[in-house]
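Remarks on the structure that follows.
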Amino acid sequence: MGIVFELKNVYKTYRNDGKEFTALKDVSLKVNEGEIFGIIGMSGAGKSTLVRTLNRLEEVSGGSVSFYGEDLALLKPGELRKVRHSISMIFQGFNLLNQRTVIQNVEQSLRIIGVPRGERRAKAREMLEIVGLSDKESEYPARLSGGQKQRVAIARALATDPKVLLCDEATSALDPKITGEILDLLKKINQERQLTIIIITHEMAVVEKICDRVAIIDDGTLAEEGDVKDVFSNPQSKAAKKLVFPSNPFDPSEPDGELIRIVFDGTQSNVPFIANLVEKTGLKVNILSANTRSVGGIGYGQMILELPGDNKERDTVIRFFRDGGLAVSEVKT
């Protein structure tokens, strides 16, 4: 498996009216060929700046960004244009041309690189079939739903046979059902075409649904990086915990009450841990919140529990869950 992108100690500083703002600070990471890689962070964290360094729409202030081993900063204009043809993007706002039909929009990227008209039309129809919009080729964007517009944008992005697809908040404007459909489509494209996909988002649910690995950006720094299932199960950084932990509307019943978070995956999702705890130890816990979701096609779940008041009993409960293979972490209140 090759390395598509490698960032080494990347800095990006903006200068305006004598003032400086550093948007990226010493970021180093790798994106592997064929994977779906998530870049997540809150608004203003620096993730959009980071993705713009990947096709040199932003020049880095320090460090380097390599594409298949070539330092982008060293490329001549013609070489850079060739690289950019290998990197397609889709956006939150779709960026379709309203005066052109669906098929003309898909053809646009091919027109720019000089593909003959007949070849363009055949390729555009092939791409519309992939995204499930063959029957909409003569429609105009104004007559399409948000999900359909994003499918057209995906078809246009795929038309040039890119090596990488960058998705910048591509589902943020869509409702949850349509978001799920678009993410399923991207996963299908990744698997069938072995296309490397990089998803920039502020929503952990997007990363959990289709990404293989994730980088968490916080205040311009790389707070955490790893397999999605590992970050979800046992987040290490403060930024990761904020994104992963469910909101808990309840406080402990006692001022010195202690809360824990337990995480289980698909291999354990059918085990009645709470019932087994009561049966085997005689101890009870209070379930304050719980949720489940799919991470990479595997059912994951987590619960926030209030432990018994006695320290010895608390230790017994924690040991019981850990012996059962669950990740257990303390929840600050």
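The values are calculated or read from the model by the stated rules, or taken from the named source; none is laboratory data. A quick note: this is a predicted structure, and the numbers were derived from the prediction, not measured. Heads up, the Cβs are rebuilt from the backbone with ideal geometry, glycines too, and the neighbour counts pull from every protein chain shown.
Go through LEU195, LEU183 for me and flag whichever is buried (at least 16 other Cβ atoms within 10 Å of the Cβ), touching a Lys or Arg at 6+ places or on another chain (Cβ under 6 Å), assigned by TED's automatic domain parsing to the domain that holds THR13 and within 30 Å of ALA155 (Cβ to Cβ). Before you say what the answer is, go through the steps one by one.
Working: LEU195 fails: touching a Lys or Arg at 6+ places or on another chain (Cβ under 6 Å).
It is LEU183.
Within the stretch 268-280, restricting attention to residues that are modelled with pLDDT of 65 or more and surrounded by 14 or more Cβ atoms within 10 Å (Cβ to Cβ), which residue is nearest to ALA327 (Cα to Cα)?
Restricting to residues being modelled with pLDDT of 65 or more and surrounded by 14 or more Cβ atoms within 10 Å (Cβ to Cβ), the top hit is PHE273.
Out of the residues in the stretch 45-58 meeting the condition of being touching a residue at least 40 places away in the same chain (Cβ under 8 Å) and assigned to a loop (DSSP other than H, G, I, E, B), tell me which one is farthest from LEU158 (Cα to Cα).
Among residues in the stretch 45-58 that are touching a residue at least 40 places away in the same chain (Cβ under 8 Å) and assigned to a loop (DSSP other than H, G, I, E, B), the one farthest from LEU158 (Cα to Cα) is ALA45.
Test LEU50 against the stated conditions and say whether it is of a type in the set (A, V, I, L, M), surrounded by 17 or more Cβ atoms within 10 Å (Cβ to Cβ) and touching a Gly at 6+ places or on another chain (Cβ under 6 Å).
On the way: of a type in the set (A, V, I, L, M): yes; surrounded by 17 or more Cβ atoms within 10 Å (Cβ to Cβ): yes; touching a Gly at 6+ places or on another chain (Cβ under 6 Å): no.
Taking the combined requirement at face value, the residue does not satisfy it.
Charged (D, E, K, R), modelled with pLDDT under 85, surrounded by fewer than 17 Cβ atoms within 10 Å (Cβ to Cβ) and not in a helix (DSSP H, G or I): does that describe ARG261?
Values: charged (D, E, K, R): yes; modelled with pLDDT under 85: yes; surrounded by fewer than 17 Cβ atoms within 10 Å (Cβ to Cβ): no; not in a helix (DSSP H, G or I): yes.
Judged against the criteria, ARG261 is not a match.
In the stretch 66-85, how many are among the charged types (D, E, K, R) and either buried (at least 16 other Cβ atoms within 10 Å of the Cβ) or part of a strand (DSSP E or B) (or both)? Spell out how you get there, then give the answer.
From the stretch 66-85, those among the charged types (D, E, K, R) are 70-71, 76, 79, 81-82, 84; that's our starting set.
Add one more test, that the residue is either buried (at least 16 other Cβ atoms within 10 Å of the Cβ) or part of a strand (DSSP E or B) (or both), and what stays is 70-71, 84.
Adding up the residues that qualify gives 3.
Within the stretch 195-214, is there a residue that is under 30 Å from ALA45 (Cβ atoms) and of a type in the set (Lys, Arg)? Can you show your working first?
Residues of the stretch 195-214 that are under 30 Å from ALA45 (Cβ atoms), as a first pass: 195-214.
Still in the running and of a type in the set (Lys, Arg): 209, 213.
So far as the stretch 195-214 goes, yes, one or more of its residues are under 30 Å from ALA45 (Cβ atoms) and of a type in the set (Lys, Arg).
Just a yes or no: is a residue in the stretch 27-43 out of contact with any helix residue (DSSP H, G or I) (no Cβ under 7 Å at 6 or more places or on another chain), at pLDDT below 90, surrounded by 14 or more Cβ atoms within 10 Å (Cβ to Cβ) and not hydroxyl-bearing (Ser, Thr, Tyr)?
If we filter the stretch 27-43 for residues that are out of contact with any helix residue (DSSP H, G or I) (no Cβ under 7 Å at 6 or more places or on another chain), which is where we start, we get 28-35, 37, 42-43.
Right, trim to at pLDDT below 90 and you get 42-43.
Subset that is surrounded by 14 or more Cβ atoms within 10 Å (Cβ to Cβ): 42.
Still in the list and also not hydroxyl-bearing (Ser, Thr, Tyr): 42.
Yes; the residues of the stretch 27-43 include at least one that is out of contact with any helix residue (DSSP H, G or I) (no Cβ under 7 Å at 6 or more places or on another chain), at pLDDT below 90, surrounded by 14 or more Cβ atoms within 10 Å (Cβ to Cβ) and not hydroxyl-bearing (Ser, Thr, Tyr).
Please determine, by comparing only the residues of the stretch 199-219 that are in contact with a helix residue (DSSP H, G or I) (Cβ under 7 Å, 6 or more places away or on another chain) and assigned to a strand (DSSP E or B), which one is surrounded by the most Cβ atoms within 10 Å (Cβ to Cβ).
Within the stretch 199-219, the first condition is being in contact with a helix residue (DSSP H, G or I) (Cβ under 7 Å, 6 or more places away or on another chain), and the residues that meet it are 199-201, 204, 206-214, 216-218.
Restricting the remaining residues to those that are assigned to a strand (DSSP E or B) gives 199-201, 213-214, 216-218.
Details: ILE199: 27, ILE200: 26, THR201: 22, ARG213: 20, VAL214: 26, ILE216: 30, ILE217: 26, ASP218: 20.
Ranking the candidates gives ILE216 first.
Looking only at residues that are in contact with a helix residue (DSSP H, G or I) (Cβ under 7 Å, 6 or more places away or on another chain) and assigned to a helix (DSSP H, G or I) in the stretch 226-246, which one is surrounded by the most Cβ atoms within 10 Å (Cβ to Cβ)?
So the first thing to find is which residues in the stretch 226-246 are in contact with a helix residue (DSSP H, G or I) (Cβ under 7 Å, 6 or more places away or on another chain), and the list is 228, 231-232, 235, 240, 243-244.
Remaining after also requiring assigned to a helix (DSSP H, G or I): 228, 231-232, 240, 243-244.
Values: VAL228: 23, VAL231: 28, PHE232: 24, ALA240: 22, LEU243: 23, VAL244: 21.
Filtering first and then ranking leaves VAL231.
May I ask you to say which residue of ALA170, ALA153, ALA157, ALA223 is surrounded by 20 or more Cβ atoms within 10 Å (Cβ to Cβ) and under 17 Å from GLY34 (Cα atoms)? Spell out the reasoning first.
Numbers: ALA170 fails: under 17 Å from GLY34 (Cα atoms); ALA153 fails: under 17 Å from GLY34 (Cα atoms); ALA223 fails: under 17 Å from GLY34 (Cα atoms).
One residue alone meets the criteria, ALA157.
Pick out the one residue from ALA153, ALA157, ALA124 that is touching a Ser or Thr at 6+ places or on another chain (Cβ under 6 Å) and in a helix (DSSP H, G or I). Quick ask: steps written out before the conclusion?
Details: ALA153 fails: touching a Ser or Thr at 6+ places or on another chain (Cβ under 6 Å); ALA124 fails: touching a Ser or Thr at 6+ places or on another chain (Cβ under 6 Å).
So the residue among ALA153, ALA157, ALA124 that is touching a Ser or Thr at 6+ places or on another chain (Cβ under 6 Å) and in a helix (DSSP H, G or I) is ALA157.
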